Amino acid sequence: MRWIAVLLCLALLLEGCSLISGFPWESLMVGRKCRCLKQTKKRPSSIYRIQVFPESYKCRTQEVLVFLKNKQIVCVDPEARWIQVLIFNSQKERGEKN
């Protein structure tokens with residue numbers, strides 16, 4: 001019974017710290033759910049499809065997955081210039097079709 005009281009006090013203390021420091025404790029409790037462990041800035045050849053995942057409570061970084069024609073998946077740095085241009089042009093084309 002005493003352990004339960006100690007655990008509850010500890011939980012309240014940690015919750016108070018998160019309010020003060022702004023530390024995202026929920027990411028520690030949920031676990032890492034990011035799709036990409038490493039990213040590359042190099043442009044792969046034979047791009048089949050690109051999928052962009054925005055920041056979320058599960059993963060604190062934007063992720064860009066590039067699917068290749070040979071069935072491989074490559075994680076690309078969203079700050080890479082070539083991917084930004086490609087995404088911009090793709091969005092521009094979609095806007096023109098509507």
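Before moving on, here are some points about what is shown:
- Rounded to the nearest 20, the Cβ-based charge dipole of the stretch 32-98 about its Cα centre (Lys and Arg +1, Asp and Glu -1) stands at 280 debye.
- Burial ordering of Val52, Val6, Val74, fewest other beta-carbon atoms within 10 Å first: Val6, Val52, Val74
- Evaluated over the Cα positions of the stretch 32-98, the convex hull gives a direction-averaged projected area, one quarter of its surface, of 5.2 nm².
- Lys pairs, the stretch 32-98 - Cα-Cα below 18 angstrom, 8 or more residues apart or on other chains: 4
- Using θ = phi - 60° in the Karplus curve 6.51 cos²θ - 1.76 cosθ + 1.60, the 3J(HN,Hα) couplings for the stretch 76-82 round to 10, 4, x, 8, 5, 4, 5 Hz; x is entered for Gly and Pro.
- Theoretical FRET efficiency, 1/(1+(r/R0)^6), r = Cβ-Cβ of Leu65 and Glu96, R0 25 Å, to 0.05: 0.50
- Label-to-label distance for Lys33 and Leu8 is 2.9 nm, based on points extended 7 Å past Cα in the beta-carbon direction.
Bear in mind that the values in this text are calculations on the coordinates, not laboratory data. Note that this is a predicted model, so its numbers are computed, not measured. Cβ: placed from backbone, ideal geometry, glycine included. Neighbour counts: every protein chain shown.
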